[in-house]
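S.K.: Input: one structure, supplied below.
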Amino acid sequence: MKSLNKIVIILGLSALVTSCHDKTQPNYQYFPNMYESVGYETYQQSGAFKNGKEGQLLPNHVIKRGFVPYDYPNTNEGYEAAKANLKSPLDSTQVDAEKTKELFNIYCAICHGEKGNGKGNLAVREKILGIPSYADREITTGSVFHVLTYGKNSMGAYNNQLDTKERWMVASYVMKLKSEL
């Protein structure tokens, strides 16, 4: 038994001594492309595409999956037309109340307040001034959707953060808040 312990200790020490790092040779790199990546110039032609230009590989008038065209222009006339004519395609069964409230609290409540009274955290701290209460505005679901899509005045657009269905859901929630004020 004592000789077995001695053999194990000797093997352990020899493994420890021989496994020390050799400073003349670098360690093995996992995924070397991450450490030594090829630098590409911005906007240079790529060999990944037949003709070097990615835009020409797609046919004309191709849109991404899930994109819904929006026919109202980003003008005051487009806003007024959306306010007068645009109606939500969602019925009450397609609007998830909890998800809608969550989206509003994430994207809108910081400025407009959780009740839509214009007293959000940024307005209270006077970081952004002049945020109106929903009760003081003549808005419709279509006008809210239009503003969420394009933005208006100091408010930016949210069409990159919210898809079409989510913007309709937030617009319906804004109208619910307006009715409660």
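Let's see how each residue does on (1) within 24 Å of the chain's Cα centre (by Cα); (2) loosely packed, with under 14 Cβ neighbours inside 10 Å; (3) outside any loop (DSSP other than H, G, I, E, B):
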{"position": "126", "(1), (2), (3)": "no, yes, no"}
{"position": "131", "(1), (2), (3)": "yes, no, no"}
{"position": "144", "(1), (2), (3)": "yes, no, yes"}
{"position": "147", "(1), (2), (3)": "yes, no, yes"}
{"position": "162", "(1), (2), (3)": "yes, no, no"}
{"position": "171", "(1), (2), (3)": "yes, no, yes"}
{"position": "177", "(1), (2), (3)": "no, no, yes"}
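S.K.: Additional query: Within segment 61-87, track down each residue that is in a loop (DSSP other than H, G, I, E, B), modelled with pLDDT of 75 or more and farther than 19 Å from residue 162 by Cα.
M.R.: 75 - this is the single residue of segment 61-87 that is in a loop (DSSP other than H, G, I, E, B), modelled with pLDDT of 75 or more and farther than 19 Å from residue 162 by Cα.
S.K.: Here's another thing I want to ask about it. Mind checking which pairs have a first residue in segment 148-174 that is modelled with pLDDT under 90 and a second that is assigned to a helix (DSSP H, G or I) and crowded, with 16+ Cβ neighbours inside 10 Å, Cβ under 6 Å, 6 or more apart or different chains?
M.R.: The qualifying pairs are 159/149.
S.K.: Across segment 81-102, what is the total count of residues that are open to solvent by 100 Å² or more (accessible area, probe 1.4 Å) and of a type in the set (D, E, K, R)?
M.R.: Summing the residues that are open to solvent by 100 Å² or more (accessible area, probe 1.4 Å) and of a type in the set (D, E, K, R) in segment 81-102 gives 2.
S.K.: In segment 119-126, is there at least one residue being β-branched (Val, Ile, Thr) and farther than 19 Å from residue 78 by Cβ?
M.R.: So far as segment 119-126 goes, yes, one or more of its residues are β-branched (Val, Ile, Thr) and farther than 19 Å from residue 78 by Cβ.
S.K.: Please work out if residue 120 is closer than 17 Å to residue 174 by Cα, open to solvent by less than 90 Å² (accessible area, probe 1.4 Å) and within 25 Å of the chain's Cα centre (by Cα).
M.R.: For residue 120, the condition - closer than 17 Å to residue 174 by Cα, open to solvent by less than 90 Å² (accessible area, probe 1.4 Å) and within 25 Å of the chain's Cα centre (by Cα) - is met.
S.K.: Taking the condition open to solvent by 40 Å² or more (accessible area, probe 1.4 Å), farther than 25 Å from residue 71 by Cα and not in a helix (DSSP H, G or I), does residue 105 pass?
M.R.: When the stated conditions are applied, residue 105 does not pass them.
S.K.: Applying the selection to segment 57-116, what residues are without any contact (Cβ under 8 Å) to a residue 12 or more places away in the chain and of a type in the set (Val, Ile, Thr)?
M.R.: Result: 62, 63, 75, 93, 106.
The values are calculated or read from the model by the stated rules, or taken from the named source; none is laboratory data. As the structure is a computational prediction, the values presented were derived from the model and not from experiment. Note: ideal-geometry Cβ built from the backbone for every residue, glycine included; neighbour counts use all protein chains shown. What goes into the accessible areas is simple: the full protein's heavy atoms, side chains included, and nothing from ligands, DNA or RNA. Shrake-Rupley method; radii C 1.70, N 1.55, O 1.52, S 1.80 Å.
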